[in-house]
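Everything below concerns the one structure shown next.
The values are calculated or read from the model by the stated rules, or taken from the named source; none is laboratory data. Bear in mind that the values here come from a model prediction, so they are computed numbers and not experimental data. No Cβ is skipped: glycine too gets one built from the backbone with ideal geometry, and neighbour counts run over all protein chains shown.
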Amino acid sequence: MTEPALLEVSSLRVRYGAVPALHDVSFAVRAGEVVGVVGPNGAGKTTMLSAIMRMVGWSGGDVRFRGESLARRSPDQVARLGIALVPEGRQIFSDLTVGENLRLGTVARRSREGVERDLDSVIELFPVVGDFRDRPAGLLSGGQQQQLAIARALLADPDLLVLDEPSLGLAPTVIDAVFAALDAIRRAGRTIVIVEQRAQRTIAFADRTYVLADGRIRAEVGPDDAGNGELLRASYFGVDDGSQPHQDAS
Amino acid sequence: MNYVQYFIDAVALGSLYALVALGIGLIFGVMRLVNLAHGELLMAGGYTLFATNGWSAFVRVPLVVLVVVALALLMERLAFRPLRDASPATMLVMTFAVSFLLRNIAQKRWSSQGKAMNIFAGLSKAFRVGDLRIRYVTLVSIGVGAVLLLAVNLFLYRTEIGLQMRAVASDRRIAQALGMRINRIVVTAFVIAGVLAAAALLLFVPQRPTVTPDFGLQIGILALIGVVVGGMDRLAPATFGGFAIGFANSMVFSLLPKGQRVFLDSALYGLVIIVLLLRPQGLFQRERLTARV
Amino acid sequence: MSDRGVSIRRAAQTLGGPIALVLLAGLVSLVFSGSIELRFHNAFVITAMVVSVYVFSGNSGVISFGHVSFVALGAFSAGMFSMGVQQKGAVFKELFPFIKDNHLGNVPTLLLAAALGGLYALIIGIPLVRLNGLAAGIATFAVLGISRNVLRNWSKVGPGAKAIPAVEETTGLAQAMLALILCIVVAYAYQRSPSGRRLRATREDVAAAQGVGVRIYRERLIAFALSGAMAGFAGAVYVHLLGSVSTEQVYLDLTFLVLAMLVVGGINSLWGAVLGGLSISLVNTVLTEGEKGMSLFGWKFTLPTSTSGIVLAALMAVVLLLRPKGLSNGREFRVPGTR
């Protein structure tokens with residue numbers, strides 16, 4: 001008996017005015033999974049996350065979270081239902097201190113219980129947020145801000161953690177640290193969706209990864225396909241007629 | 001020429017304008033809305049006073065606060081909230097319409113004749129300290145101004161909603177994505193702005209005893225100039241800008257003979273244009289205003 | 001029909017629609033006399049002002065709160081030079097000699113007003129067209145404030161707080177209609193010109209237009225100066241209609257009226273500007289005549305005073321909320337059923 005998916009995206013369509021951004025995107029994420037979404041610039045990855053968070057409207061399809069449709073929800077309601085977003089480019093509140101940023105992460109919590117415990121665990125995961133509690137967040141480096149953004153999202157105790165391009169603009173060593181932290185988060189049992197341009201890393205890290213290009217899902221690959229450059233190229237620049245995502249040849 | 005006298009009077013007027021400017025700044029912060037109708041909040045308070053002439057001050061003061069806050073909330077709910085995602089220029093036009101509407105309603109109901117507001121008459125009295133003639137209202141204005149500014153400060157930095165309000169002002173989209181209820185926060189901002197406007201109005205009465213439909217226009221526009229020149233994007237510069245405008249206005253009036261101060265308006269408007277062109281983040285603000293075309 | 005045929009037909013409708021409406025209104029005005037007839041003339045002149053604001057704001061997407069400054073300059077200059085020299089010298093003693101000692105006929109004052117309006121717009125436009133959105137709105141509002149302050153207080157050029165009296169009332173039905181039609185034709189010619197088209201391209205997407213080489217600030221400045229000249233011209237026609245002018249008549253209330261007309265009609269099209277101007281004038285006329293007590297199709301009613309301002313503001317608010325593109329929906333005039 002398969003467990004019902006935690007997040008189920010069905011035939012999602014998004015348009016910006018007359019321009020279509022997502023066509024019939026469908027996929028599912030089960031509790032405890034780590035799912036990646038990779039694709040070239042402009043593929044619609046951020047649009048997809050924005051759509052799930054209801055920050056942009058849909059022109060068709062549905063997204064169900066724990067079985068409930070998100071169609072009529074506003075972004076703050078989605079957050080309070082248990083989906084936490086780590087936005088592209090960090091987007092922490094630069095005028096506020098690190099500590100204040102963290103506190104704001106707790107707004108979406110469904111229960112006040114365990115705040116202290118969670119705070120301790122994120123500080124353990126990202127020592128920098130503990131060290132710089134009173135510093136204005138805008139003064140942190142890119143990597144530190146990324147860690148703050150993830151910590152902030154974790155403080156919402158979400159059922160689903162969604163990250164939009166966490167490695168964007170970061171130095172390789174910092175990216176390593178971020179992924180190491182994400183690994184710890186995964187081992188703690190959280191469900192994660194990572195959207196990334198860096199295909200290799202993500203495919204190797206995630207349980208499953210979807211390839212999104214031109215607003216469509218073109219392939220679903222596993223960690224073993226991480227080295228398969230040809231498969232990826234075909235997916236990225238593949239057939240443009242909306243044909244079926246092709247199965248990996250294994 | 002008693003410069004100390006002028007200085008104290010200027011500080012008092014500056015305090016009142018600071019209160020109005022803080023309200024404008026709060027609303028701009030949470031909604032990116034420049035409210036041309038803000039002055040009409042004071043006008044509404046003024047007519048409330050006129051309508052309750054003779055009642056006990058203990059009733060009139062809370063009533064004024066109530067009416068002003070109610071009007072602010074009405075503006076927000078009916079005219080501004082639906083346009084929240086429209087362009088800032090569209091919102092500006094809407095506030096213009098609201099201002100025009102309210103002034104015309106007042107004109108219809110009470111005509112353009114000045115109506116006496118009649119409160120705190122005792123504050124107009126003065127006492128002497130050496131050479132100085134200090135009116136009670138001057139001291140009360142400075143005192144109340146300081147207390148209210150401090151209270152708002154504590155609210156913003158020591159309470160949960162205050163923190164959320166600062167977050168919304170910093171980045172509304174992300175605040176929403178983190179689960180904050182934007183409507184509640186915006187409403188709170190309008191309530192505070194209303195209270196500040198009511199307080200300013202009550203303290204303006206001793207120096208401007210009659211209310212007309214255009215009563216709020218002059219004060220509102222001047223305070224707005226202060227906010228733009230000081231720095232729209234952050235509260236401290238905005239408030240200080242309001243204070244500076246009130247202060248400067250008072251000093252100019254005290255120091256210059258009538259013939260020479262007629263072009264003060266042009267100088268102030270000119271300052272606004274210069275600031276917008278050369279230093280759009282405002283004179284008192286250090287960081288750049290985020291570009292919003 | 002061929003492509004060329006379609007585009008000619010479209011052009012004819014875009015230009016012809018507004019003109020036809022004006023002619024129709026003119027015909028209707030002949031039925032009335034007295035104050036209502038004057039309201040029609042008023043409507044045409046104010047609509048000319050609306051068209052002038054449209055030339056800039058409609059094509060650039062930047063809202064200007066300050067265009068009534070150019071109207072004021074036009075009205076005041078035309079007014080001052082229309083006054084008889086004797087009377088001028090007696091009433092306004094402090095004027096500059098070149099104003100005090102000269103008198104211009106009707107048409108020369110119109111040309112002067114247009115020239116001054118255009119020049120003023122050109123000068124302040126050079127720095128201001130760089131601003132967008134909110135900043136532009138505030139800055140143009142400040143220009144309005146400055147213009148009023150100066151006109152009201154610089155007694156060497158203006159009448160101060162008094163009104164300019166005894167201006168020849170040369171604006172009758174013909175002049176008012178002609179003035180409006182002239183503005184419509186100029187606006188149309190501009191929006192079809194290469195410069196106008198380039199500016200319109202920037203309206204939707206500033207970055208994209210810059211990317212294909214449109215020099216935005218140059219195009220905006222051209223539109224701003226042209227619209228300033230048109231507004232000045234309309235101001236001169238206005239003062240010749242009213243017979244006098246004071247600063248309060250060309251300040252906030254007029255600014256609001258013109259803006260409301262543009263918003264209600266639809267800021268993005270010529271048809272919107274004309275439709276908004278004439279329809280709001282109609283509503284305004286009914287309301288103000290109603291305040292005096294009027295009889296409409298046998299139904300007598302009297303409205304309480306100041307209703308017109310309230311209704312106008314409420315109307316503008318409703319349009320902004322429910323139909324932000326205005327009555328014209330941002331489109332030019334099309335005969336129903338054609339493309």
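Computed values, structure above
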quantity: Which listed residue, of B:N104, B:N35, is among the polar types (S, T, N, Q) and within 22 Å of B:I185 (Cα to Cα); calculated: B:N35
quantity: Single residue of region A:73-108 satisfying the filter (in contact (Cβ under 8 Å) with a residue 60 or more places away in the chain and among the β-branched types (V, I, T)) that is surrounded by the most Cβ atoms within 10 Å (Cβ to Cβ); calculated: A:I83
quantity: Positions within region A:63-88 being within 19 Å of A:L12 (Cα to Cα) and assigned to a helix (DSSP H, G or I), in sequence order; calculated: A:P75, A:V78
quantity: Of the criteria (1) of a type outside the set (G, A, S); (2) over 21 Å from the mean Cα position of the chain (by Cα); (3) more than 14 Å from chain B (Cβ to nearest Cβ), which one A:V115 fails; calculated: (3)
quantity: Residue that is on the phi > 0 side of the Ramachandran plot and either within 14 Å of chain B (Cβ to nearest Cβ) or crowded, with 21+ Cβ neighbours inside 10 Å (or both), where the choices are A:G44, A:G61; calculated: A:G44
quantity: Count of region A:77-92 residues which are farther than 16 Å from A:Q197 by Cβ and touching a Leu at 6+ places or on another chain (Cβ under 7 Å); calculated: 7
quantity: Condition met for C:F65 (in a loop (DSSP other than H, G, I, E, B) and either of a type in the set (S, T, Y) or crowded, with 24+ Cβ neighbours inside 10 Å (or both)); calculated: yes
quantity: Of all residues in region C:294-339 being basic (K, R) and part of a loop (DSSP other than H, G, I, E, B), the one that is modelled with the lowest pLDDT; calculated: C:R339
quantity: Residue check, B:L71 away from chain C (no Cβ under 14 Å), under 23 Å from C:F141 (Cβ atoms) and in a helix (DSSP H, G or I); calculated: yes
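A quick yes/no check of all residues on (1) within 14 Å of chain B (Cβ to nearest Cβ); (2) under 17 Å from C:G266 (Cα atoms); (3) touching a residue at least 24 places away in the same chain (Cβ under 8 Å):
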site	(1), (2), (3)
C:L27	no, no, no
C:S35	no, no, yes
C:H41	no, no, yes
C:S52	no, yes, yes
C:V62	yes, yes, yes
C:A78	no, no, yes
C:F81	no, no, yes
C:Q87	no, no, yes
